[in-house]
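Step one of this worksheet: look at the structure below.
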Amino acid sequence: MYQKFGTCVLGLAFAAMAMTAQAQFTPELPCGTNEPHRFMGDRIHDQELLDDIAAADAELEAFTRTFEADAERGGGSNYIVPVVFHIIHNNGPENVADEQIFDAMRILNEDFNRENPDWDNVNQAFVNIVADVNIEFRLAQKDPQGNCTKGITRTVSTLTNAGDQSMKDLIQWPRNRYMNVWVAASADGAAGYTLTPGAAAFFSAADGIVMQHTYVGSINTGSPSRSRALTHEVGHWLNLAHTWGNTNEPGLSSNCNTDDNVSDTPNTIGWTSCNINGVTCGSLDNVENFMEYSYCSKMFTAGQSSRMISALNSSTAQRSQLWQTSNLTFTGVNATPQLCAASFTSDIRTICAGNTITFTDESYNSVSSRAWSFPGGEPATGTQSQIEVTYTQAGTYPVSLTVSDGSNSLTSEVQGYITVLPDPGTPGPLQEGFEQLASLPSADWSVVNSNSDNTFQVTNAAAFSGSNSVRIVNTSAMTGRIDELVSGTYDMTDATSIVITFKYAFARRNNNNDDRLRLLVSNNCGQTWSLRRNLRGTVDLFTAPNTSSNFVPTAAQWNSSQSSSIASTYHVSDFRFKFEFESNGGNNVYIDDINLNGIPTGLDELVLGTQQGLFIAPNPARDRITVRFAQDRTAMTRLELLDVTGRSIRTVLNSRLAPGEHRIDLALGDLGSGVYFLRAERDGAQEVQRFVVE
């Protein structure tokens, strides 16, 4: 056994808190060890609480010493810990597949039971103390209400990007029955973090492990080099410190004077590289320890094993309740898994005719056979756990899956699960003013609303022309959320150029609201998207003064925009485009008069609704309009009437005019109802005004 060369430094409350986080395999991510801001909030200076945490930690330390001294209780037992993974995601890569969680559980159990294939490759000086900890982790089979579960939950929230306590507050199962693990896009700036029992005793809502998704498992978004991060965090959760002690800074010479309270882990300054023969504090370092940052972790020591088993037998933070037989029954982990749910997913739900979708059976538990039904698909049936299906005809189709465990059968059927768009799509151009739509989604438009809250809807509260537009009722509570308004398919194979124009209105609540409205296009039916316009709340999205009440634009509070260049590679039969709105707490946003191959460049650059030198009345009009404008010098003047696509209908005036005011009466008898434009060109300068014919 290796002896310690330093003394235990536990006097300060923060050192005793054992709030731990790790950046084991990516130095670019900081470690959050002993950072109380993660869980203490405004009680960070509460000295009485700090003293209580220090006392609880000291009490657990005393229990550990007593427990370790008792040889009969010190080993040999097998402990089972129920586990639940909470996947917090915003429909990004952090929404990891079940198989990645299963892989993480495999690695965790191998590491804690000396079944990892690399354990006997450690430096030979430590082979004899590589521990079989005898802790088995099992995914829960029953939730806190006794319902069937596979031990994995999924919650859609933008808090995945925070990874802090507010995220954990979204969902937590009782910590005396389950080890909670949250997987998210961010772990509050770390690779992962947790509380050790002494601090967790006073913060039950914070008890559990938060992992950044790329540190979970070895497959998909995980990787083999990062796959021991969860093992490291579970070690902290079971009262292990880093091998250099209770600091979060490996590599400091002062670490030789600190201690991790484990007798057979030599004092070390701590490693961020794999030098298995490293000596930093007078003896050979255990560089390959799971509680190091060495990139080559392979082992716990016998002393660390004893310390973790002690924590499981202690009442501190209710760890001793987890493995009791009654709790194993409550969580369902001590029984043979039973078939209790039929479920499936697909890699995509909207495709174009002729394309293929991959379906995956995610039923649980103990599925022995399955029967798929794909009306409208080829093949129409199947028995595989994963199957590819091609749809050749446009339409909306159901999907059904029946699974069996040999004794019982369950069926999941979802109507309208698959949408197949026509290819070729509707011939362009498109003129959309939403006048014929009562609601969204519709035959031509789909809506993506991942958070199931406010999203794009048809409204008659305001419009650039006509009566209707689409709007998102935007609030400060929606900050970070993204909603999409997605077109159907359009056949643009005969296009010589592609232009998309639209009208929009938006107000901020304050100057800091940087909401975004983006226009994106796709040349492969929506499989991939390319940005063509990005309007920002702090730059060019706002069209009205800051508004604290519900924003409804006036006629003068609309602007126009158009796409940037859309290359000939988008002249395809399945062209699609979409608007993506990302909230930053501003006010409502409106979109109207969308034109595909609409108003050409130059015509749409005017901030419409302002009467600059060109005035049209009445507007809206019926039979005729009066056009008024003024010139300060003699100039060649051309007035041209255009339709909504920018096509010239006729030339109204083309002559040399003297300085002064001019008035022209224009009959509209041959024009149908709709939106039109009058373009004035004088000495090379251009001005455009919109008017409506009722």
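The values are calculated or read from the model by the stated rules, or taken from the named source; none is laboratory data. The shown structure was predicted, so the numbers you read here are calculated from the model rather than taken from an experiment. Virtual Cβ from ideal backbone geometry, glycine too; neighbours counted across all protein chains shown.
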Task: Residues satisfying the stated conditions in the range 221-277, i.e. among the hydroxyl-bearing types (S, T, Y) and farther than 29 Å from V83 by Cα - done: S253, S254, T258, S263, T268, T272, S273
- [ ] Read through the list (1) out of contact with any Phe, Trp or Tyr (no Cβ under 8 Å at 6 or more places or on another chain); (2) part of a strand (DSSP E or B); (3) among the hydroxyl-bearing types (S, T, Y), then give the number of the only condition that S465 fails.
- [x] (2)
Task: Matching residues in the range 248-279 - criterion: being among the hydroxyl-bearing types (S, T, Y) and either modelled with pLDDT of 95 or more or in the same structural domain as N176 (by TED's automatic domain parsing) (or both) - done: T265, T268
Task: Single residue of G222, G245, G198 found to be in contact with a Leu (Cβ under 9 Å, 6 or more places away or on another chain) and either more than 22 Å from N289 (Cβ to Cβ) or in contact (Cβ under 8 Å) with a residue 60 or more places away in the chain (or both) - done: G198
TODO: Specify which of the listed residues (R663, R679) is buried (at least 17 other Cβ atoms within 10 Å of the Cβ), out of contact with any His (no Cβ under 7 Å at 6 or more places or on another chain) and either in a strand (DSSP E or B) or among the hydroxyl-bearing types (S, T, Y) (or both).
DONE: R679
TODO: State which residue is nearest to G425 (Cα to Cα) when the search covers only the range 391-406 and only residues that are surrounded by fewer than 15 Cβ atoms within 10 Å (Cβ to Cβ) and either hydroxyl-bearing (S, T, Y) or touching a Leu at 6+ places or on another chain (Cβ under 6 Å) (or both).
DONE: T392
TODO: Tell me which residues, restricted to the range 415-440, are loosely packed, with under 15 Cβ neighbours inside 10 Å and either basic (K, R) or closer than 16 Å to R349 by Cα (or both).
DONE: Q415, G416
Open item on the list: The conditions are (1) of a type outside the set (A, V, I, L, M, F, W, C); (2) modelled with pLDDT under 95; (3) within 14 Å of L535 (Cα to Cα); (4) surrounded by 19 or more Cβ atoms within 10 Å (Cβ to Cβ), and S564 fails exactly one of them. Which is it?
Closed with: (4)
Open item on the list: If a residue counts only when it is closer than 30 Å to V692 by Cα and touching a strand residue (DSSP E or B) at 6+ places or on another chain (Cβ under 7 Å), which strands (runs of 3 or more DSSP E) contained entirely in the range 372-439 have at least 3 such residues?
Closed with: 430-432
- [ ] Consider G488 carefully, then state whether it is at pLDDT below 95 and surrounded by 15 or more Cβ atoms within 10 Å (Cβ to Cβ).
- [x] no
TODO: Could you pull out the residue among T601, T610, T645 that is under 24 Å from A555 (Cα atoms), exposed (fewer than 12 other Cβ atoms within 10 Å of the Cβ) and at pLDDT below 85?
DONE: T610
TODO: Tell me the strands (runs of 3 or more DSSP E) entirely within the range 92-193 that contain at least 2 residues that are farther than 29 Å from N451 by Cβ.
DONE: 135-139
- [ ] Keeping to the range 454-502, report how many residues are closer than 23 Å to A567 by Cα and among the aliphatic types (A, V, I, L, M).
- [x] 7
TODO: With respect to T496, determine if the residue is assigned to a loop (DSSP other than H, G, I, E, B) and either among the aliphatic types (A, V, I, L, M) or farther than 30 Å from D347 by Cβ (or both).
DONE: yes
Open item on the list: Looking at the range 213-231 only, could you name the residues that are assigned to a helix (DSSP H, G or I) and closer than 26 Å to V279 by Cα?
Closed with: S225, R226, A229, T231
Task: Verdict on G282 being in a loop (DSSP other than H, G, I, E, B), farther than 30 Å from E362 by Cα and touching a helix residue (DSSP H, G or I) at 6+ places or on another chain (Cβ under 8 Å) - done: yes
Task: the range 577-594 residues that are within 10 Å of F456 (Cβ to Cβ), paired with ones that are modelled with pLDDT under 95 and of a type in the set (F, W, Y) (beta carbon under 6 Å, 6 or more apart) - done: I591/F502
TODO: Quick one: which strands (runs of 3 or more DSSP E) lie wholly within the range 504-583 and hold at least 1 residues that are hydroxyl-bearing (S, T, Y) and more than 25 Å from the chain's Cα centre (by Cα)?
DONE: 559-562
Open item on the list: So if I check each of V234, V262, which one is hydrophobic (A, V, I, L, M, F, W, C), outside any helix (DSSP H, G or I) and under 24 Å from S320 (Cβ atoms)?
Closed with: V262
Open item on the list: Testing S254 on (1) assigned to a loop (DSSP other than H, G, I, E, B); (2) surrounded by fewer than 21 Cβ atoms within 10 Å (Cβ to Cβ), one condition comes back false. Which one is that?
Closed with: (1)
TODO: Give the range 326-369 a look and list any residue that's in a strand (DSSP E or B) and surrounded by fewer than 14 Cβ atoms within 10 Å (Cβ to Cβ), or say none.
DONE: T345, T356, T358, S369
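Conditions tested, residue by residue: (1) over 26 Å from V156 (Cα atoms); (2) at pLDDT 95 or above; (3) in contact with a Leu (Cβ under 7 Å, 6 or more places away or on another chain); (4) among the hydrophobic types (A, V, I, L, M, F, W, C).
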site	(1), (2), (3), (4)
G480	no, no, no, no
I498	yes, no, no, yes
C525	no, yes, yes, yes
T547	yes, yes, no, no
Task: Output for the range 615-626, where each listed residue is modelled with pLDDT under 85 and either within 48 Å of the chain's Cα centre (by Cα) or crowded, with 19+ Cβ neighbours inside 10 Å (or both) - done: N619, P620
Open item on the list: Please count how many residues of the range 627-645 are part of a strand (DSSP E or B) and within 54 Å of the chain's Cα centre (by Cα).
Closed with: 8
